[in-house]
Each structure stands twice: as structure tokens, then as C-alpha cells.
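The values are calculated or read from the model by the stated rules, or taken from the named source; none is laboratory data. Not measured: the values here are computed from a predicted model. With ideal geometry, Cβ positions are generated from the backbone for all residues, glycine too; neighbour counts draw on all protein chains shown. Each accessible area value is taken on the protein alone, full model and side chains, heavy atoms only, with ligands, DNA and RNA left out. Shrake-Rupley method; radii C 1.70, N 1.55, O 1.52, S 1.80 Å.
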Amino acid sequence: LRLKPIEDISFEEQDMLLRVNVGGVANMIRAALPHLQASGNATIVNFASYGAYRPGTGLSIYGATKAGVLAMAQSLINDIGPNVRINSICPGVIQTPMNQARIDSGHLSRDRMESINQLGRYGQPEEVAEAALFLTGPESSFMSNAVLEVSGGQLN
């Protein structure tokens, strides 16, 4: 993911982001839904981003696609029936190759990346995985159409 102002994003890059971030989620749900509905008690966990609420500089299209994932989940809950729960996770600044690229590009410093949440550190991929496990487990059996932020209390 290259950080660019919207006027520098090509139509091809824009289409790729839409196809991957929104189309990929829709295609996966479409393919899995008959099996999930047949199971009688299934859950879908979508991954959006804190950027769905507040996309950073150069992330306007990316943020819009992640907001689209949230909107799709909110709409799907009415379509898929009571036997499939659907929830979403919005990670904040997680130590991933994408965020490392933001630092390597000079777009943001590591100190800035770590200071944009209340905990003052990067989140770890395992912390996001734990949230997903929670949303698929019995402890969240009465949660559906929820959005869980794993952001360290992201401030902006």
C-alpha cells in the first residue's frame, strides 16, 4: 500500500484497493455463507481498520474501503439470518509490514506511530488474533453486528 494523496492515486490502484478490501470480503462471505448457514451456529469476523473512522494522510481510498467493510457487515446482518453472527475488528497501529513501510517511506516516524494511541506502543498481531478468537468463541455468543477496536486507545 503506497501512501498518496487522492490526486496521485491511479484508477488502477483505486480499483485494486476496492477489489481486494471490499470485493475480497464479499467474495469470501458469498462462498462460505451456505456452509455457515448450514452449521446452525456460525460467525463471521471481518477485518476493517481504525482507518475506517480516521484514515491518515495518503490513506483516503484505503480508509473508504475499510469503511465499506463495516457498512457491508451492518447490511449483511439483515440478510444472512439468525444462525450466522457477523462482527468486525478495527485494528489500529499494529506491527505489520504495511506499517513498517509507512516508517520506511518517511511518511511517519516510529515515535509518531507509537504515540498515536494511549498505550504508547505498537499493537502486536497476536493481540488482534486474540480479539478474533474472542469473537468466534462462546464468550461472545450474544455479540453480533459489533465493531471491536484493537487500537490501544488510538487518539487520531
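Heavy-atom accessible area of residue 18 with all protein chains present, probe 1.4 Å, nearest 10 Å²?
80
Which FRET efficiency value, to the nearest 0.05, do you get for residue 35 and residue 126 by plugging their Cβ-Cβ distance into 1/(1 + (r/R0)^6) with R0 = 25 Å? Show your work: numbers first, answer last.
On the way: r = 27 Å, r/R0 = 1.10.
Efficiency at R0 = 25 Å is approximately 0.35.
If I compute solvent accessible area with a 1.4 Å probe over the protein chains, what percent of it on the range 56-156 is carbon and sulfur?
Details: 2860 of 5150 Å².
Ligands and nucleic acids excluded, carbon and sulfur give 56 percent.
How many Å² of accessible area per residue for the chain, probe 1.4 Å?
On the way: 8740 Å² over 156 residues.
Normalised by residue count, the accessible surface of the chain is 56 Å².
Determine the calculated [θ] at 222 nm for the chain from helices alone, applying -39500 (n - 2.57) to every DSSP H run no shorter than 4 residues and normalising by the residue count; nearest 500 deg cm²/dmol.
On the way: 6 runs with 70 residues, N = 156.
Roughly -14000 deg cm²/dmol at 222 nm, from the helical runs in the chain.
Once the piece of chain linking residue 7 and residue 141 is laid out straight, how much longer is it, given 0.36 nm per residue of separation minus the C-alpha distance between them? Numbers along the way, then the final one.
Numbers: separation 134, 0.36 × 134 = 48.24 nm, distance 4.41 nm.
Full extension of this stretch gives 43.8 nm more.
Would you work out the charge dipole size for the range 1-153 about its Cα centre, treating the Cβ of every Lys and Arg as +1 and the Cβ of every Asp and Glu as -1, and quote it to the nearest 20 debye? Walk me through the intermediate numbers first.
Numbers: 11 positive and 14 negative charges, 19 e Å.
Here the range 1-153 has a charge dipole of around 100 debye.
If the chain between residue 75 and residue 14 were fully stretched, how many nm would it gain, using 0.36 nm times the residue separation less the Cα-Cα distance? Spell out each step's value before the answer.
Numbers: separation 61, 0.36 × 61 = 21.96 nm, distance 2.32 nm.
Here the answer is 19.6 nm.
Expressed in nm to one decimal, what extension gain is obtained for the pair residue 110 and residue 83 from 0.36 nm per residue of sequence separation less their Cα-Cα distance? Each step should come with its number before you reach the end.
Details: separation 27, 0.36 × 27 = 9.72 nm, distance 4.32 nm.
Extending this stretch completely gives an extra 5.4 nm.
Arranged from highest to lowest average of other beta-carbon atoms within 10 Å per residue, in what order do the peptides 96-105, 79-88 appear? Provide the component values of the computation, followed by the final result.
Details: 96-105: 13.6, 79-88: 17.3.
The peptides rank, most packed first, as 79-88, 96-105.
Take every DSSP beta bridge with both residues inside the chain and express the antiparallel ones as a percent of the total, to the nearest 5.
Details: 1 of 12 bridges.
Of those bridges, close to 10 percent are antiparallel.
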